[in-house]
Amino acid sequence: MGAPEAPPSSPARPQPGHPVIKERFPDTKALIFDCDGTLVDSLSLYAVAWPAGLRSTGHAMEASWYLERGGFSGDMLMDAFEREVGQTLDRAKVMEAVWAAYSAGIDSLAEITAVTAIARAFHGRLPMAVASSGPSDFVRLSLKARGLDVLFDAIVTVEDVAAAKPAPDLFLEAARRLGVPPRDCLVFEDSIQGLQAAAAAGCNAIDVRELMEEAA
């Protein structure tokens, strides 16, 4: 009686990918994602929360005014609004009210599947980070609400760096935490400020608005 046949070998597990990554950035070693407007569709929620925050100080902010500045950090947004009204406002009071309104609407937050599908496909295969100009509490709440927080090896927010986008600090810090040179990182961004920051950091970048158009 001969030796038992060896069981058939399992087929190699196919490597996930996206045509844009394979064709344009085949040497990518890590992925870095913006949060708001990239992983989650939070801009409409912020467009309600920020006016609510300003009402706490007796001022009105139109949702359209916010949306025109959707890529701004909180401090940049407050700087612009204070210049417009000619007053220095109680920022702690504003942010407390913004947080209350944002967290109250968090169940309505939707993920942007054209982007999150990529993050889920590469989870455990490439190091991945989030790099956001948003405050840590807001970013982590948003990611957790859609079960995205567990996908990432690092979450870097505006509190972790000296300057928000369009400065390169967030992406440089994310690359450092992942242990990958910035030139080998691919950034996913939806804003002009974010794309400028990625370029300044020496990272490759994809404008996720293109991915959303392809998926529409």
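Count of the stretch 148-198 residues, restricted to those that are out of contact with any helix residue (DSSP H, G or I) (no Cβ under 7 Å at 6 or more places or on another chain), in a helix (DSSP H, G or I) and farther than 24 Å from Ser42 by Cα, is 5. Within the stretch 105-123, residues that are within 17 Å of Met212 (Cβ to Cβ) sit with their Cβ atoms under 8 Å from residues that are in a helix (DSSP H, G or I) and of a type in the set (S, T, N, Q), at 6+ positions apart or across chains, in these pairs: Leu109/Ser142.
Has the stretch 94-110 got at least one residue that is closer than 17 Å to Glu189 by Cβ and at pLDDT 95 or above? No, the stretch 94-110 contains no residue that is closer than 17 Å to Glu189 by Cβ and at pLDDT 95 or above. Within the stretch 66-85, the set of residues being in a loop (DSSP other than H, G, I, E, B) and closer than 13 Å to Asp36 by Cα comprises Arg69, Gly70, Gly71, Phe72, Ser73. Residue selection: Gly58 satisfies the criterion of being of a type in the set (Gly, Ala, Ser), over 17 Å from Arg140 (Cα atoms), surrounded by fewer than 22 Cβ atoms within 10 Å (Cβ to Cβ) and at pLDDT below 95.
Among the numbered conditions (1) more than 21 Å from Leu141 (Cβ to Cβ); (2) in contact with a Ser or Thr (Cβ under 6 Å, 6 or more places away or on another chain), the only one that Val115 does not meet is (1). Scanning the stretch 62-79 for residues that are in contact (Cβ under 8 Å) with a residue 40 or more places away in the chain and hydrophobic (A, V, I, L, M, F, W, C) turns up Phe72, Met76. Identify the residue in the stretch 121-147 that is of a type in the set (Ser, Thr, Tyr) and either in contact with a Phe, Trp or Tyr (Cβ under 6 Å, 6 or more places away or on another chain) or in a loop (DSSP other than H, G, I, E, B) (or both) and, among all such residues, is modelled with the highest pLDDT. Of everything passing the filter in the stretch 121-147, Ser132 is modelled with the highest pLDDT. Of the residues making up the stretch 39-61, those that are without any contact (Cβ under 8 Å) to a residue 24 or more places away in the chain and either assigned to a loop (DSSP other than H, G, I, E, B) or within 26 Å of Thr116 (Cβ to Cβ) (or both) number 5.
The values are calculated or read from the model by the stated rules, or taken from the named source; none is laboratory data. Source: prediction; values computed, not measured. No Cβ is skipped: glycine too gets one built from the backbone with ideal geometry, and neighbour counts run over all protein chains shown.
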